[in-house]
Amino acid sequence: MLIIAFLGGMLTLLSPCILPVLPLLLQRAGGPAWSPLLTLAGLASGFAVLASLAAVSSAWVVEASEVGRYLALGLLGLSALALLSPRFGTWISRPWAWLGDRLHGQARGLPPALSAWLLGFAAGLLWAPCAGPILGLILSGAMLQGPNASTSLLLFAYGLGSAVALGAALFLGRGLYQRLRPSLGALEWLRRGAGALALLAVVVIGSGASAQLVGSGASRTLAVLEHKVLDGVPRLLDKLMPSASAADLADLGAMPSLDGAVQWLNSAPLASADLRGKVVLVDFWTYDCINCQHTLPYVNQWAKKYADQGLVVIGVHTPEYPYERIPANVAKAVARNDIHYPVALDNQYRIWNAFANQYWPAHYFIDAKGHVRYQHVGEGDYQGQEAIIRQLLKERGQPAG
C-alpha cells in the first residue's frame with residue numbers, strides 16, 4: 001500500500017489541483033542545491049500532518065488546523081513579498097539572522113535551511129489534492145481506525161510521491177535560473193515574476209477561488225490513471241474496495257442508515273425509513289474537493305427538475321480536511337453553491353462507512369422501495385445518471401418528463 005500511495009502522490013503533478021501551490025515552490029529554484037530538497041520535504045511533512053488531523057474530530061484540533069492554515073498563508077505571503085522587494089526580504093530576515101547568531105554562532109546556514117523547510121511545510125498545509133480513489137482509500141481507512149502511525153506513514157508516502165514529482169519541476173526551474181544567471185536584469189525580472197505569481201497564489205488560495213480556476217478534464221484524467229494504478233494490484237483492490245462491476249439498476253441491497261450526522265442543513269434530520277416511496281440520490285461530497293464542485297451543478301439541476309416527481313437529493317458532506325469539519329464553513333459553501341436540498345454533516349464518517357463508500361464524489365441511486373440500485377463514482381456520464389433517475393421515477397409510477 002505504501003507503493004500505491006507513493007505512485008498516487010506522483011500522479012498529482014498531472015492534476016490541476018497542484019497549480020495554486022506550484023508558484024510558491026518555484027521560489028526555491030534559484031537557491032542552493034539543498035534548498036529545493038528541504039522545501040519538498042517540508043511539503044510532504046505539512047501534507048501528512050494536516051491529513052492525519054482529518055482523522056481527529058476534537059474541536060481544538062479543528063480550530064488549530066484552521067489557525068494553522070491562516071498562519072501558512074501569512075508565511076507564504078511574506079515570502080512572496082520578499083521576492084518582490086529585496087529590501088523587504090532583508091528586513092524580515094533580521095530576526096532569523098539574530099536567532100542564528102545567538103544559538104549557533106557561526107552556523108549561519110541554519111536560518112535559510114529552516115526557511116526552505118518552513119516554506120514547503122506551509123505549502124503542504126495549503127495544498128488540497130484532487131480527491132482521487134487512492135487518497136480516498138487512505139483517508140477513509142484513517143477514519144475507520146483513527147489516527148495511527150500506519151495512516152500517517154501512508155499519507156507521508158503520498159506526499160513524498162508528490163514531492164518527488166514536483167522535484168522534477170523544480171529541477172527544470174533551476175536549469176532556467178542557471179541559464180539566466182549571467183543576465184542580472186533578466187534574473188531580477190524572473191525573481192519578481194515568481195514573487196508576483198506566488199503572491200497571486202496566496203490570494204487565490206485564501207479566497208477559496210482556486211477550484212474555479214482549474215478545469216475538470218485533468219481531474220478526470222488523474223482519476224483514470226489512479227484507477228489503473230489500483231487495478232494493477234487486484235489482490236489489494238479486492239481487500240480494500242467493493243467490486244464496481246454491478247449491472248445497471250441491479251438490486252444492491254437496502255439503503256444504509258443515515259444516522260450519525262453531527263448536523264443537518266436545509267432540513268431536520270432524516271432517516272432511511274422516512275424516504276420510502278421516494279426516489280433518492282445520495283451525493284457524497286466535500287466542499288473543497290474540485291471534482292465535487294464540478295458535479296454539484298448537475299446534482300442541483302436534478303434536485304430542482306425532478307423534485308415534484310418524487311426525487312429527493314441528500315448531500316452527505318464528509319470532510320477531507322479538518323477545516324471542512326467546521327459547520328459554518330460548510331454552510332457558506334452550501335449557500336455559495338445555491339444548494340437547497342438536505343445536507344448531512346458526516347464529520348464522524350458514520351454515513352460514509354455505512355455505505356462502504358471510498359470516493360469523493362460518489363452518487364447512490366435508491367428506488368422507491370428503499371433499495372440501492374446504482375452507484376456512480378467521480379465526474380462524468382451525467383446523461384446516463386439522469387437516465388437512471390428517470391427510470392427509477394418511472395418504476396415509481398410517476399411520469400419522468
Tally up the residues in the range 337-351 that are of a type in the set (D, E, K, R) and surrounded by fewer than 22 Cβ atoms within 10 Å (Cβ to Cβ), please.
2
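Considering L240, L265, which residue is under 27 Å from the mean Cα position of the chain (by Cα), farther than 16 Å from Y364 by Cα and either basic (K, R) or at pLDDT below 80 (or both)?
On inspection, the qualifying residue turns out to be L240.
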Could you go through the range 315-325 and let me know if any residue there is within 20 Å of I388 (Cβ to Cβ) and without any contact (Cβ under 8 Å) to a residue 60 or more places away in the chain.
yes
In the range 280-302, how many are polar (S, T, N, Q), modelled with pLDDT under 95 and part of a helix (DSSP H, G or I)?
3
What number of residues within the range 353-394 are in contact with a Gly (Cβ under 7 Å, 6 or more places away or on another chain) and under 19 Å from K305 (Cα atoms)?
2
Any chance A328 is surrounded by fewer than 17 Cβ atoms within 10 Å (Cβ to Cβ), among the hydrophobic types (A, V, I, L, M, F, W, C) and farther than 20 Å from P269 by Cβ
no
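The values are calculated or read from the model by the stated rules, or taken from the named source; none is laboratory data. Computed from a prediction, not measured in an experiment: that's the story for all the values here. For neighbour counting, all protein chains shown are included, and Cβ atoms are generated from backbone atoms with ideal geometry for every residue, glycine included.
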